[in-house]
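The values are calculated or read from the model by the stated rules, or taken from the named source; none is laboratory data. All of these numbers come straight from a predicted model, not from anything done at the bench. Cβ sites come from the backbone with ideal geometry, for glycine too, and all protein chains shown count toward neighbours. Protein only, heavy atoms only, side chains kept; ligands, DNA and RNA dropped before computing areas. Shrake-Rupley method; radii C 1.70, N 1.55, O 1.52, S 1.80 Å.
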Amino acid sequence: MLAYRHESMARGQAEALFPIIQSVLSEAGAGYAELEGLAVTTGPGSFTGLRIGLAAARGIVLAASIPALGVTSFDALLQAMPEAEIDGRAILVALDSKRSDPYFQLYSATREPLSSPNSCLPEEVLRLIGDRPVVVIGDGIAGISEAFDSAGIDYCLGDAPLSVDARSIATLAERNWPPSIEAGVLEPLYLRSPDTTSSDGTPSRTG
Amino acid sequence: MIVLGIETSCDETAAAIISDEGGRPRILSNQVLSQHEDHRPFGGIVPEVAARAHLRHVDRLIKDALAEAGIDFSELDGVAATGGPGLIGGVIVGVMSGKAIAAVHDLPFIAVNHLEGHALTARLTDQVAFPYLLLLVSGGHCQILAVEGVGAYQRFGTTVDDAIGEAFDKTAKMLGLGYPGGPALEQAAQKGDPERFKLPRPMRGREGCDFSFSGLKTAVRQVVQNLDQPPTEKDVADIAASFHAAVADVLQDRCRHGIERFRRRHGDDVTLVVAGGVAANRTLRDALAGLCKAEQATLVCPPINLCTDNAAMIAWAGIERLRQGSVDDLAFAPRPRWPLDPDAPAAIGAGVKA
């Protein structure tokens, strides 16, 4: 790892991102010309935040003509989880969606996906888990712990970071390089349609 | 000098490249992708839908603009992107794309005020000299300004409620003409009787150059409600024509006041430039031509594809700013609100349209 910077901010990412990229490049003694690839979070997360990162990444990819890798927030959090914490359990990565249906993805104890990235109510997450013992990571736990407690399932909380970290993105990119064609297309993973109502009053499912 | 422009502030995703060698500007490419089909089911622009569409398309449009111009990033002298005002989710996408290209190729980055893009278009298309009078009429804006230089604007008036394009869209919606309403309403008005319905002319005769359109919109709603049955094709045509007549009268009156004020400030020679999507409306252009003839002013209407939102105007404003040495750094913060004339008093009720 040549350089790393992380700043938590609720807003202001559009201003901060390029100065941060510049500072890690400088610290690494490199410039954009030295980059051979780029990896970026595709989501889920704040729609605006995702677009800030993805628009910047797609711009750099186009301008520098380099390959790219998109990493989901789930894979990034999973990557940061220490092996010792898994202890034979399935892994549920749950992310706060600011609504009653968290974003989540379920993985096996060997970190293979058991579900696709998804968003649904805690009851449905429980159905998916079935009788597997799970360890839960991510900031979505607060929204589902009540349902999990009353269902009486065997779950515990992992000690992994709650939010996505750029080191995980870079590590995953290095491990999965060169990217597959599919992963190289930097598409946002919104997991939610825009909140819209069409002019005839029906809620939209576009997007 | 060759500059790339990026525009993502509303419902068009656009990229364009302009060269300017010895004061002879040329549009090397002008790519515009309209999102009308994305928004049509909702009867108006949905910001989140717009932001998603901008991200989906903007990098490809930039690539296409370079290909159409037959140049490479290395031949650029700067990158200009709309930095506001507008729907912030979209503005962010264009700004980040522009910053990325500027960063990778170590080029100056210029965050352009979308309104300044409209304001300076006539200098790209018709080499109009400063100062001139500008009527900026679009879906989101309705203002009269004196353009005195790059970055030097005096706002004479603005709308105190709806923008003119909004009035068109809402009226078209009431008449069941779909979205976007402007072109459909103009089409319907062709066969209509502009005298049949007596609609109000808000602000006509008042001091100054401010606009108001909400009363006109309400009057149209009452006309529709007072019909004995759902409007027939003839009713729609007559309402559309009467609406056009009212808006044309208002524009003539407000611009006449603008011309007078401009003359007091800058002398007798007046060039009135019309910009913004509403400038595509033939009836309104004719009304302004009539006014300018009577007032012995010169009317300049840029081609329609450069009046509606586009990136050529952003690239051009970028060139004008670059010539001044007025560039932005990569920490630029996108601005949802960004008045051209920050000293003008806020117009009550106008929101970002001021």
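Sketch the reach of a paramagnetic label on A:N176 as a point 7 Å from Cα along Cα-to-Cβ, and name the residues of region A:42-69 whose backbone nitrogen lies under 17 Å away.
Within reach of a label on A:N176, which here means backbone N under 17 Å from a point 7 Å along Cα→Cβ, region A:42-69 contributes A:42-45, A:54, A:57-58, A:67-69.
Could you provide, to the nearest whole Å², the per residue accessible area of chain B with probe 1.4 Å? Mind showing how you got there, number by number?
Numbers: 13270 Å² over 354 residues.
Ligands and nucleic acids excluded, the result is 37 Å² per residue.
How much of the DSSP beta bridge set in the protein assembly as shown is antiparallel, as a percent to the nearest 5?
55 percent
For A:G12, what is the net charge nearby, where nearby means another residue's Cβ is under 15 Å from its Cβ and Lys, Arg count +1, Asp, Glu -1? Let's see the in-between values first.
Details: positive: A:R5, A:R11, A:R51, B:K99, B:R335; negative: A:E7, A:E15, B:D329.
Its environment carries a net charge of +2.
Per residue of region B:118-133, in order, report the coupling 6.51 cos²θ - 1.76 cosθ + 1.60 (Karplus, θ = phi - 60°) as ³J(HN,Hα) in whole Hz, putting x for Gly and Pro.
These are the phi-based 3J(HN,Hα) values: 4, 5, 9, 4, 5, 7, 6, 8, 10, 6, 5, 8, 6, x, 8, 9 Hz.
With only Lys, Arg, Asp and Glu charged, each at its Cβ (+1 for the first two, -1 for the last two), find how big the charge dipole of region B:129-301 is about the Cα centre; round to the nearest 20 debye.
On the way: 21 positive and 21 negative charges, 41 e Å.
Dipole of region B:129-301, to the nearest 20 debye: 200 debye.
Name the residue, out of B:V300, B:V49, B:V220, whose mean-square fluctuation peaks in a Gaussian network model built on chain B with Cα pairs under 10 Å.
In this elastic network of chain B, the residue with the biggest mean-square fluctuation among B:V300, B:V49, B:V220 is B:V49.
Could you run the numbers on buried accessible area between B and A, total for both chains, 1.4 angstrom probe, in Å² to the nearest 100?
2500 Å²
Using 20 Å as the cut-off for backbone N distance, which residues of region B:245-271 belong to the label zone defined by a point 7 Å from the Cα of B:E207 along Cα→Cβ?
Within reach of a label on B:E207: B:253-266.
For the Cα atoms of chain B, what angle does the longest principal axis make with the long axis of helix B:312-323, in degrees from 0 to 90, nearest 10?
It works out to around 50 degrees.
Running a GNM on chain B with Cα contacts under 10 Å, which residue among B:D11, B:D169, B:D193 ends up with the highest mean-square fluctuation?
Of B:D11, B:D169, B:D193, the Gaussian network model singles out B:D193 as fluctuating most.
What is the Cα coordinate range of region B:129-301 on the first, second and third principal axes, sorted by size from largest, in whole angstrom?
53, 27, 26
Could you compute how fast the protein assembly as shown diffuses translationally, taking Rh as the Kirkwood radius over C-alpha pairs and applying Stokes-Einstein at 4 °C with viscosity 1.567 mPa s? Give it in µm² per second.
50 µm²/s
What net charge do the residues around B:R335 carry, taking every other residue with its C-beta under 13 Å from that of B:R335, with Lys and Arg at +1 and Asp and Glu at -1?
Overall, the nearby charge balance is -2.
Just report the Cα centroid separation between region B:84-142 and region B:1-29, whole Å.
Taking the Cα centre of region B:1-29 as reference, the centre of region B:84-142 is 10 Å away.
What are the residues of region B:315-347 that lose 10 Å² or more of accessible area, with a 1.4 Å probe, going from their chain alone to all protein chains?
B:L330, B:A331, B:A333, B:P334
Whose amide H sits under 5 Å from the amide H of B:L28, counting only residues 5 or more places off or on another chain, with H placed in the peptide plane?
The answer is B:I17, B:I18, B:S19.
So how far apart, in nm, are the two label points at B:E68 and A:V24 if each is 7 Å from Cα heading toward Cβ?
Label-label distance for B:E68 and A:V24, simple model: 3.5 nm.
What percentages make up the Cα-Cα pair-distance distribution of region A:81-157 when the bins are 5 Å wide from 0?
Percent of pairs per bin, in order: 3, 17, 31, 28, 15, 4, 0.
Any idea what Rg and Dmax come out to for chain B if you just take the C-alpha atoms, in Å?
20.1, 66
Among B:Q31, B:Q252, B:Q225, which one moves the most in a GNM of chain B with springs linking Cα atoms closer than 10 Å?
Its mean-square fluctuation being the largest, the pick is B:Q225.
Could you tell me what percent of the accessible area of region B:165-214 is made up of carbon and sulfur, with a 1.4 Å probe and every protein chain present?
Numbers: 1240 of 2550 Å².
For region B:165-214, the apolar C and S fraction of the accessible surface comes to 49 percent.
May I ask you to derive the FRET efficiency for B:R264 and B:D106 from their Cβ-Cβ distance with R0 = 45 Å, giving the value to the nearest 0.05?
Efficiency, rounded to the nearest 0.05: 0.45.
For the pair A:L2 and A:L128, how long in nm is the line joining their label points, each one 7 Å along Cα→Cβ?
3.8 nm
Spin-label point model (7 Å from Cα, Cβ direction): what's the B:D228 to B:R24 distance in nm?
Between B:D228 and B:R24, the label points sit 6.7 nm apart.
On average over all directions, what projected area in square nanometres does chain A have, based on the convex hull of its Cα atoms?
Values: hull surface 53.4 nm².
Computed as one quarter of the Cα hull surface, the answer is 13.3 nm².
How much mean residue ellipticity at 222 nm does the protein assembly as shown get from its helices, if each DSSP H run of length 4 or more adds -39500 (n - 2.57) and you divide by all residues, to the nearest 500 deg cm²/dmol?
-12500 deg cm²/dmol
On the protein heavy atoms, probe 1.4 angstrom, tell me the percent of accessible surface of chain A carried by carbon and sulfur. Before the final figure, lay out the partial values.
Numbers: 5410 of 10490 Å².
Accessible surface attributable to carbon and sulfur in chain A totals 52 percent.
As I understand it, the value is the acute angle between the Cα axis of helix B:233-266 and the longest principal axis of the Cα atoms of chain B; what does it come to in degrees, rounded to 10?
The answer is roughly 60 degrees.
Restricting to lysine pairs 8 or more places apart or on different chains, what number in region B:129-301 have Cα atoms under 27 Å apart?
Qualifying lysine pairs in region B:129-301: 15.
At 1.4 Å probe radius, can you tell me the per residue accessible area of region A:61-207 in Å²?
51 Å²
Per residue of A:45-58, how many C-beta atoms from partner chains lie within 10 Å of its own C-beta, taken as a mean?
Numbers: counts 0, 0, 5, 6, 1, 1, 9, 7, 1, 5, 15, 8, 4, 10.
For peptide A:45-58, the averaged partner shielding equals 5.
Could you tell me the relative contact order of chain B? Use alpha-carbon pairs under 8 Å, at least six residues apart, and round to a whole percent. Working shown, then result.
On the way: 787 pairs, mean separation 86.2, N = 354.
Reported as a whole number, the value is 24 percent.
Checking the a/c ratio against 1.5 first, then a/b against b/c, what shape does the Cα gyration tensor give for region B:226-335?
It is oblate, given that a/c is not under 1.5 and a/b is not larger than b/c.
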